[in-house]
Amino acid sequence: MPLVKRGRKAVEQVPSFIGSEIYRGSSYGAWHPLRVPRVSTVMDLCRALGWLDRSQYLTSPRARPAALTHWHEPEYISALQRAEVRQAVSDAERDRFGLGTHSNPVYAEVFRRPATAAGGSLLAGELLARGGVVHHPAGGTHHGLPGRANGFCYLNDPVLGMLSLRRAGVRRIAYVDIDAHHPDGVELAFAADPDVLMISVHEERRWPFTGALDARAGGSAVNLPVPAGFNDTEMALVRETLILPLVERFRADAIVLQCGADAVEEDPLSHLALSNNAHWAVVAALRSLAPRYLVLGGGGYNPWSVGRLWSGVWAVLNGLEIPDRLPPTAEVVMRNLRWDGNRRGKSPPEHWFTTLRDTPRDGAIRDDVRARLAVLRHREGLS
Ligand SMILES: [Zn+2]
């Protein structure tokens, strides 16, 4: 195994990619935003680009129920398993566990798929015991609650991954979340934990309506709600004047980045206007700030923008050059994607097929973004 530099210097280890074939062809149902392929696209694209060597790829194990109850309630895990077997829930189970709803439907792999994503984050915690970098794009289900499905999330793999890091002896964890939605489940798990710093940048006035500017989770969280139209220039300011100084000062033993792909302009579920360059810049900047780095996926409901964004994350983590134009085998992966039931899927722009990198979406830094940043910087002693 390659050496890891001591202290909080850059990690020299070769990154690992955790994936699984269970995500290929799995769907939450014909009308659900999670009817689109995501992780399989990233795997196919990275392989077509020659970026996913077999030595770097790890098949995600499926977490056993006992491992899930490190945070989830045993009755809920039993109900989730039962739902998969029966492909149905009772009215009482729907009410109590949030299963079988429009958001959290019962589908074919309703236990196995989230248990595999949870298994990936548990494995990541073990792999990172000695340091390193892991990309687990199926992870990032940040809304999951101890005894309920919530916001398309049946289990909370970021929480399980962070608890896995803790069991591996890792103490101080910085959790950074740049998904369009606030990570209510993660915040619940680590509220008031002095060894966890949670930073979230999310769209204001959007479900789950938590994560207000003054919400601090017992002192462990820094929340920045941002207005619709949030652009690359604004994100760069947030990155440089809030995220990086806070993480650097925290002196984390591990960084967990939830890199949801629903904050880009083409996503159907939010109204932010980032390009994927904004995400990649955060991925790159955090890497040198701790000896352990876990990059998860998260939201993202446009199959092209998700595939392009998370494949680019893998390129950034490996120092690979992103080509201006995809090679033909990678282009085929993109041309074979379908997005039925959305107008953007009817005539996708050509660059979704032929490139990974978006055109940067720079813009003016709005006064309310500056004002909120100033509030947080002052409160956190950065100014
Ligand atoms: Zn989201």
With every protein chain kept in place and a 1.4 Å probe, the residues HIS271, HIS102, HIS202 fall, from largest accessible area down, as HIS102, HIS271, HIS202
Loop-resident trypsin sites (Lys or Arg not before Pro) in the stretch 38-116 with no more than 10 other Cβ atoms inside 10 Å, DSSP not H/G/I/E/B, are ARG54
Taking every DSSP bridge whose two residues both lie in the chain, the antiparallel percent to the nearest 5 is 5
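Around ASP267, under 11 Å between beta carbons, what's the net of Lys plus Arg minus Asp minus Glu among the other residues?
Numbers: positive: ARG344; negative: ASP179, GLU203, ASP262, GLU265, GLU266.
Every neighbour counted, the sum reads -4.
What are the trypsin sites (Lys or Arg not before Pro) within the stretch 136-218 that DSSP puts in a loop, where the Cβ has at most 13 other Cβ atoms within 10 Å? Write down the numbers at each step before the final one.
Numbers: sites: ARG148, ARG166, ARG167, ARG171, ARG172, ARG205, ARG206, ARG216; in loops: ARG171, ARG172, ARG205, ARG206, ARG216.
Hits after loop and neighbour filter: ARG171, ARG205.
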Expressed in square angstrom to the nearest 10, the accessible area of THR59 with a 1.4 Å probe stands at 100
Expected field for PHE17, accessible surface area in Å² at 1.4 Å probe radius, rounded to 10, holds 0
Taking Cα pairs closer than 8 Å and at least 6 residues apart, the relative contact order of the stretch 258-372 in percent is 30
Looks like the chain, by Cα gyration tensor root eigenvalues a ≥ b ≥ c and the a/c under 1.5 rounded cutoff (else prolate when a/b is bigger than b/c, oblate otherwise), is rounded
Checking rank on 327-334, 116-123, with mean other Cβ inside 10 Å and highest first, the result is 116-123, 327-334
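Pull out the extension gain between ASP95 and TRP31, defined as 0.36 nm times the separation in residues minus the alpha carbon to alpha carbon distance; nm, one decimal. Please list the in-between numbers first.
Values: separation 64, 0.36 × 64 = 23.04 nm, distance 2.17 nm.
Roughly 20.9 nm would be gained on extension.
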THR355 neighbourhood, Cβ < 11 Å, K/R = +1, D/E = -1, net charge -1
With ALA191 itself left out, Lys, Arg at +1 and Asp, Glu at -1 over residues whose Cβ is under 13 Å from its Cβ give -3
Low-density loop trypsin sites (Lys or Arg not before Pro), the stretch 296-361, at most 14 other Cβ within 10 Å, DSSP non-H/G/I/E/B, are ARG325, ARG338, LYS346
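The values are calculated or read from the model by the stated rules, or taken from the named source; none is laboratory data. All values reported here derive from a predicted model rather than from experimental measurement. Glycine gets a Cβ as well: all are built from the backbone with ideal geometry, and neighbour counts include every protein chain shown. Accessible surface is based on the protein model in full, side chains and every heavy atom, while ligands, DNA and RNA are left aside. Shrake-Rupley method; radii C 1.70, N 1.55, O 1.52, S 1.80 Å.
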